[in-house]
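The values are calculated or read from the model by the stated rules, or taken from the named source; none is laboratory data. Predicted model only: the values in this text are computed from it and were never measured. Here the Cβ positions follow ideal geometry from the backbone for every residue, glycine too, while neighbour counts run over all protein chains shown.
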Amino acid sequence: MRRMLSLATTLLMTNMVMVTAGMATALMTTPVIAEPLHGIAMHGEPDLPADYKNFPYVNPQVKKGGSVHYGVVGTYDSLNPFNLKSIRTTARGIWDPGFGNFIYESLMVRSSDEPFTLYGLLAESVEWDENRTYIQFNLNPKAKWSDGQKVTPEDVIFSFEILRDKGRVPFSKRLDPVKSMEKVGENGIRFTFNEKADREFPLIIAASTPILPKHAIDAATFDQSTLKPPIGSGPYLIKSVSPGERIVYQRNPDYWGKDIPAKVGFDNYDEISVEYFLQDNTLFEAFKKGAIDIYPDGSPTHWDRAYDFPALANGDAVKETFQSQLPTGMLGFVFNIRRPIFADVNVRAGLSLAFDFEWANKNLFENAYTRTQSFWQNSPLTFLGHPADTRELALLGSAKDRVEPEILAGTYQVPKTDASGADRQILRRAVDLLAKGGYRIRNGKMVNKAGRQLSFEVMTQTQDQEKLAIAYQRTLRLIGVEMSIRTVDDSQYQSRSGSFDYDMIVKSYPSSLSPGIEQVGRWGSSSRDTQGSFNFAGTADPDLDRMIAAMQSARSEEDFQAAVRAYDSLLVSGHYLVPLYHVADQWVARRKHIGYPKKLPLYGYQLNTWWDERAQ
């Protein structure tokens, strides 16, 4: 039986070392009764039993070998992804949710076929109590670094401390809810939590924190960028480094974890290269010529029109469509409400209303997109179609007065235009909202009481973003609002977005079926002024903070859904962005020799389970 606690377990009595505020002190433990678990879930229990052999969405009989060539737009100048200087200029693959964590690993790993369930990786088993006041990780005695040294509890303690002292957010905040770290016996490490911890936090430290080798890292220079190949516990080594151009990884033949259940069917290439390109067009041309093996496509017009080339005609390249079961997430023009012009919700609502999605969808995208109206659309977590129940209303409290009535009723729809680009009825409503925010049209310009025109700049990064911005710009001019457009290169975009140096920016907010701590970084008060955070809108709202806390502390699925729906309704009512669009499908083009498993997990295709069919 997979229970959190059991009286049938062995009474554990051992010596521990307590680490508090960076100091170690010998301490005798009190007797603890606990049953080591192979996996833990945010809600309920893991789907897979303790004797599971592999995840259900991998090919356990895959023939490993061969190679893959990935392509990305951008540049890199560091191999350290954990400090602020390298937050968006680190080589892909070191610690990477898309390609896989090639170099560093976490204590546990997330299953992509369950909302939020973790299974053992560096930690062979885990223990916690029903109230999640602590969690203990029991390291796999086989776990070792690429130089052959054993992974130890001291490495775990060092990792959390160095990330706290010299890492970037969110890693630098991981010890805030921790009362103490304790070494338990030879292979155990226990985290005891303080009042800042919530029910999600034990899973966050288990799966979202890299474990680093204490013996191989210079703490004095950890906050600096570096191109020195790191020592890690992951399945690959760095073969070659060409800053800004290419990084090549090679399989570590002595990788300790290749046979544990959570790694069977993963990491199937002998060599992985990541090529860097200045523009997506150049990247796609490289794919057409065979220099790149996999090309994820996010543009419907490109997907429909751009694949008339010899490799596709003769079968050397293949187009694939996948469908995940994830919520839509949200893509939009994000208002930086740190700017005074965007401080009033009526101004933001009026400007949002002025964007003619129907015109853009018809003229730019051949009606391929669906308008996004909720951060968790197409899932049980959205407020759409779900009138606020007693749980949601109780959570909202007085904040319900800030939520639009149609949202509370579950009937909300973003108003549709006539697709003319100048729908007078919709624009009149936009002008009325701007009037509530203190603006009037005078001599053809939207001005405030001081006579200053409402004007701002949107920062874009791609051609598609620029096209959307031009369409938006044209409509705004009809009501006297001046919006300028600045398209910048990747390095400038990353620098300015990381320092919140923009009026408006185009950003995507992916959504999962188990939202939690990442929402603090996106919308929480504590992240508003933290350089490098993902709080692009600049929100610092106690009501949003309360909803995030409610999500993280919910014990039942019903309470969790209520908290997310209430949170969703507040975000949409706040008009922090101009919502854009989504498609249900995931589009990927690949070379014919790249294979993938038959089963698609809940979270969609997983590149780190694919393989080279030419492997011998």
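Scanning for something more than 30 Å from Gly44 (Cα to Cα), touching a residue at least 24 places away in the same chain (Cβ under 8 Å), assigned by TED's automatic domain parsing to the domain that holds Ile272 and not in a loop (DSSP other than H, G, I, E, B), does segment 202-211 turn up at least one residue?
Scanning segment 202-211 turns up no residue that is more than 30 Å from Gly44 (Cα to Cα), touching a residue at least 24 places away in the same chain (Cβ under 8 Å), assigned by TED's automatic domain parsing to the domain that holds Ile272 and not in a loop (DSSP other than H, G, I, E, B).
Return the residues of segment 313-336 that are over 29 Å from Ser379 (Cα atoms) and touching a residue at least 40 places away in the same chain (Cβ under 8 Å); say none if nothing qualifies.
Gly315, Asp316, Ala317, Val318 - these are the residues of segment 313-336 that are over 29 Å from Ser379 (Cα atoms) and touching a residue at least 40 places away in the same chain (Cβ under 8 Å).
Let's see how each residue does on (1) buried (at least 21 other Cβ atoms within 10 Å of the Cβ); (2) among the acidic types (Asp, Glu); (3) under 25 Å from Glu105 (Cβ atoms); (4) in contact with a Phe, Trp or Tyr (Cβ under 8 Å, 6 or more places away or on another chain):
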| site | (1), (2), (3), (4) |
| --- | --- |
| Ile505 | yes, no, no, yes |
| Ser527 | yes, no, no, yes |
| Phe560 | yes, no, no, no |
| Arg614 | no, no, no, no |
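Anything in segment 60-95 that is touching a helix residue (DSSP H, G or I) at 6+ places or on another chain (Cβ under 8 Å) and on the phi > 0 side of the Ramachandran plot? List them, or say none.
Selection gives Gly74 alone.
Here are Pro300, Pro296: which of them is under 22 Å from Val62 (Cβ atoms), in contact (Cβ under 8 Å) with a residue 24 or more places away in the chain and under 26 Å from the mean Cα position of the chain (by Cα)?
Pro296
Kindly list the number of the only condition in (1) on the phi < 0 side of the Ramachandran plot; (2) in contact (Cβ under 8 Å) with a residue 40 or more places away in the chain that fails for Gly532.
It fails just one condition, (1).
Residue-by-condition table, conditions (1) of a type in the set (Asp, Glu); (2) touching a residue at least 40 places away in the same chain (Cβ under 8 Å):
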residue: Asn252; (1), (2): no, yes
residue: Val264; (1), (2): no, yes
residue: Asp270; (1), (2): yes, yes
residue: Gln279; (1), (2): no, yes
residue: Glu285; (1), (2): yes, no
residue: Tyr307; (1), (2): no, yes
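How many of the residues making up segment 276-286 are among the aliphatic types (A, V, I, L, M) and either assigned by TED's automatic domain parsing to the domain that holds Asp490 or closer than 14 Å to Gly74 by Cβ (or both)?
2
Taking Glu404, is it touching a residue at least 60 places away in the same chain (Cβ under 8 Å), farther than 22 Å from Arg428 by Cα and in contact with a helix residue (DSSP H, G or I) (Cβ under 8 Å, 6 or more places away or on another chain)?
In short, no.
With (1) of a type outside the set (Asp, Glu); (2) in a loop (DSSP other than H, G, I, E, B); (3) within 17 Å of Thr372 (Cβ to Cβ) as the list, and Val572 as the residue in question, which single condition is left unmet?
(2)
Considering only segment 71-82, I want to know if a residue exists there that is crowded, with 21+ Cβ neighbours inside 10 Å, closer than 29 Å to Pro597 by Cα and modelled with pLDDT of 95 or more.
yes
Please find, within segment 379-395, the residue that is nearest to the chain's Cα centre (by Cα) out of those that are surrounded by 18 or more Cβ atoms within 10 Å (Cβ to Cβ) and under 9 Å from Ala566 (Cβ atoms).
Phe383
Got a sec? Which of Lys319, Lys289 is in the same structural domain as Tyr605 (by TED's automatic domain parsing) and closer than 30 Å to Leu513 by Cβ?
Answer to the selection: Lys319.
Residues being over 22 Å from Ser208 (Cβ atoms) and either of a type outside the set (A, V, I, L, M, F, W, C) or free of Cβ contacts under 8 Å to residues at least 40 places away in the same chain (or both): count how many of those fall in segment 58-86.
Going through segment 58-86 one residue at a time, the tally reaches 14.
Give me the helices (runs of 4 or more DSSP H) completely within segment 232-349, filtered to those with at least 1 residues that are modelled with pLDDT of 95 or more and out of contact with any Phe, Trp or Tyr (no Cβ under 8 Å at 6 or more places or on another chain), ordered by residue number.
280-289, 310-313
Across segment 87-105, what is the total count of residues that are touching a residue at least 40 places away in the same chain (Cβ under 8 Å), of a type outside the set (Val, Ile, Thr) and within 22 Å of Val151 (Cβ to Cβ)?
Of the residues in that region, 7 qualify.
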